[in-house]
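One structure is given here, and the rest of the page talks about it.
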Amino acid sequence: MTGRDRWDAVVLGAGLGGMLAAAALARHMDRVLIVERDRLPAGAEWRRGVPQARHAHNLMTAGHTAMDRLLPGLRRDLEAAGMVKVGMPRDMLLLTAGGWMPRFPTPLFMMTGSRALIDQVVRDRLRADPRIRFLEQTEAVGLVTEGPDATVVRGVRVRGSGTRDGVRELSADFVVDATGRTSRAPEWLRALGCQPPPESVVDAKVAYATCVFDPPPGHEADWKCILLQSTPQAPRQGILNPIEEGRWMVSLAAMGGRRPPRDHEEFLRFAGTLRSHVLHDVLRRARPVTPVHGSGRTENRRRHYERLRRWPDRFLVLGDGAGALNPSYGQGMSVAACSAVALDEALTAAGGDPAGIARPLRKKIAKCIDTAWAIAATGDLAYPWAVSEADLTTRLALRYLYRVVDVSTWSPAAARALLDVNQMVASAKAVFRPRVVAAVLRGPRPSPEQPPTLSATPSLAHADSH
Ligand SMILES: Cc1cc2nc3c(=O)[nH]c(=O)nc-3n(C[C@H](O)[C@H](O)[C@H](O)COP(=O)(O)OP(=O)(O)OC[C@H]3O[C@@H](n4cnc5c(N)ncnc54)[C@H](O)[C@@H]3O)c2cc1C
C-alpha cells in the first residue's frame, strides 16, 4: 500500500451526509478522504448519484444550526448564494390535516433553495480545507478488516466507477458509510460474519413531480412558501418553495401508488385537485422554466444498526443509509447534519481518537433518527396502504398526534409544539406539553376556508389561555 492510500478517515459518498461527516472528522484529523462514485460538478448542477436533488428540499432549523456548527458561517454562505429564510409559521401558508395553521412569529426558520445549491456551497467549503480530499468516479465495493473475526475495520475496497480497473484498497483509521438509500453496508457486514440489521419500513407510496417556475410578473404576497399537506381522504400534497434567483420550486406528491403528473398540463391540473386552490391560482399565472421531473424511492426505512450485538470497531453508517424518511416531512438532511454533530462530539470526548467510538455512536445516530421518525413514519401510519407493524401504543400515539394537528389551527401552543418537532429542535415529547394537552382536551374548532393573512395573527395571542 502506498503512503497516498493511507488516510485518517475515509467517508463513502459525497452527498450531504458524507460531506458533513467529513467536516466533523476534519475538526479532529488531518487527512480525510471522501470517495464518490460520480464526477462532482463545479457548480450547482444536478448529478445522477443524488436524483432527489430535482425536488423541493427544506432545510429545517436543527439542520442549518448543526451545519453552521460544523462549518461556522455556513448559514451566511447559503443565504449569500441565494437560499431563502422562511420564518415558521409566519412566512408560510400551511394547510395541515386539521386546517390552516395560524401565522405567528417564532425564532424558527427553515431555509429553502435548490438541493444542488446546498451541496455546492458545502462542497466549496470542503474543497477549501486542505485536510479534506475528494476521490471522484470511484465506487466503494467493500470493507477491509483486521483482527480475530474481523473485529476492526481498517479501510475500504474501491474501484474506478464504470471502468474495468481492478479493485484496490484504501487504508483508514475510521470509515463512514454515507452512500444513502442504496448503501450496501448490510451486505458488507454479512460478508464479515455479522448479522444484517433489522429493518422498519413504513411506505405511504409517495411519488413526486417537480417543476421550477418564474413567478408571475409583479407578483406580491405576504407569504414566501405554500405547503398543502395530504390527508388519508385526500392523499395529494403540494409545496411551493422560494429558491435562488427569485424562482419557485414546486413539488406535487401523489400517494398510495397513484401516478404523479408528467407534463406541464397535467401538473397544473393536479395542482387544481389539492385541498386548497391557492397553489393552483398562483401557478396558473407563473411560467414553467424546467420540464416536470419525477422521483424515485420515498419510503421510510430504518436500519437498526444500534441493535446489532456484533459490530466492527472504526465503522459507522449515517444519513439515508441508516434512516431514510418520507420526504414530505423534509427532515433527511437535518437528520444527517445532527448525526455528523454527534460524530464530532464523540471525537471531542475521545480526544480525537476514533478507537472505540463507533459502537456507542450507533445509539446516538439512532436518537437523531428517532425525532424525525416519530413524525414521518408514525404520521404515515394513518394511510391504510402504508405497510406497518404498528402496535397498540403506536396507534394511540398516532391518534393523539392527529388531535394535536386538529387543534393547531387555533392553538399556538399546539402549532408551536408540532413545529418544534418538525424543525427537530425538540423531541416528540413536545406534543405532551401541558398547554398542548389542555388544547387537545378542549377539542378542535372550525377552521377558516381561506388561508390566514398576517394581519389575522394578533387575535391568537391569548387563544391558549381562554
Ligand atoms: C423527493 C425527495 C425530496 C426530499 N426532500 C427533502 C427535504 O425537503 N428536506 C430534507 O432534509 N431532506 C429531503 N430529502 C432527503 C435528503 O435528500 C436526504 O436525506 C439527504 O440527501 C441525505 O442523504 P445522504 O447524504 O445520506 O445520501 P445521498 O444524498 O443519497 O448521497 C449518497 C451519495 O453516495 C454516493 N454513492 C452511492 N453509492 C456509492 C458507492 N458505492 N461508492 C461511492 N459513492 C457512492 C452517491 O453518488 C451520492 O453522492 C428528500 C428526498 C427525496 C427522495
Notebook entry, point to check: Does residue 223 qualify as being aromatic (Phe, Trp, Tyr), under 24 Å from residue 308 (Cβ atoms) and either within 15 Å of the ligand (Cβ to nearest atom) or modelled with pLDDT of 95 or more (or both)?
Noted result: no
Note to self: Looking at the range 63-75, can you tell me whether even one residue there is under 30 Å from residue 231 (Cβ atoms) and not assigned by TED's automatic domain parsing to the domain that holds residue 211?
What the structure shows: yes
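Any residue that is within 16 Å of the chain's Cα centre (by Cα), without any contact (Cβ under 8 Å) to a residue 60 or more places away in the chain and closer than 30 Å to residue 23 by Cβ - is there at least one of those in the range 273-295?
From the range 273-295, those within 16 Å of the chain's Cα centre (by Cα) are 295; that's our starting set.
Keeping just the survivors that are without any contact (Cβ under 8 Å) to a residue 60 or more places away in the chain gives none.
No, the range 273-295 has no match at all.
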Item checked: Some residue of the range 346-357 being in contact with a His (Cβ under 6 Å, 6 or more places away or on another chain), outside any helix (DSSP H, G or I) and open to solvent by less than 30 Å² (accessible area, probe 1.4 Å) -> yes
Item checked: Which numbered condition residue 203 fails, given (1) more than 16 Å from the ligand (Cβ to nearest atom); (2) touching a residue at least 24 places away in the same chain (Cβ under 8 Å) -> (1)
Notebook entry, point to check: Within the range 389-407, is there a residue that is at pLDDT 95 or above, within 16 Å of the ligand (Cβ to nearest atom), open to solvent by less than 40 Å² (accessible area, probe 1.4 Å) and in a helix (DSSP H, G or I)?
Noted result: no
Check: Out of the residues in the range 215-233 that are open to solvent by 20 Å² or more (accessible area, probe 1.4 Å) and of a type in the set (A, V, I, L, M, F, W, C), which is farthest from residue 328 (Cα to Cα)?
Finding: 221
Check: Which one of these does residue 15 not meet: (1) under 19 Å from the mean Cα position of the chain (by Cα); (2) open to solvent by 10 Å² or more (accessible area, probe 1.4 Å); (3) over 30 Å from residue 353 (Cβ atoms); (4) within 8 Å of the ligand (Cβ to nearest atom)?
Finding: (3)
Next item on the list: Go through (1) crowded, with 21+ Cβ neighbours inside 10 Å; (2) in a strand (DSSP E or B) and name the single condition residue 169 misses.
Entry: (1)
Note to self: Need pairs with beta-carbon distance below 8 Å; first residue of a type in the set (Val, Ile, Thr) and within the range 226-244, second part of a helix (DSSP H, G or I) and open to solvent by less than 20 Å² (accessible area, probe 1.4 Å); sequence gap 6+ or separate chains.
What the structure shows: 226/279; 226/282; 243/117
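A quick yes/no check of all residues on (1) within 26 Å of residue 137 (Cβ to Cβ); (2) under 21 Å from the mean Cα position of the chain (by Cα); (3) touching a residue at least 12 places away in the same chain (Cβ under 8 Å); (4) open to solvent by 50 Å² or more (accessible area, probe 1.4 Å):
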site: 31; (1), (2), (3), (4): yes, no, yes, yes
site: 54; (1), (2), (3), (4): yes, yes, yes, yes
site: 63; (1), (2), (3), (4): no, yes, yes, no
site: 75; (1), (2), (3), (4): no, yes, yes, yes
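The values are calculated or read from the model by the stated rules, or taken from the named source; none is laboratory data. Source: prediction; values computed, not measured. Cβ: placed from backbone, ideal geometry, glycine included. Neighbour counts: every protein chain shown. Accessible surface areas use protein heavy atoms only, side chains included; no ligands, DNA or RNA. Shrake-Rupley method; radii C 1.70, N 1.55, O 1.52, S 1.80 Å.
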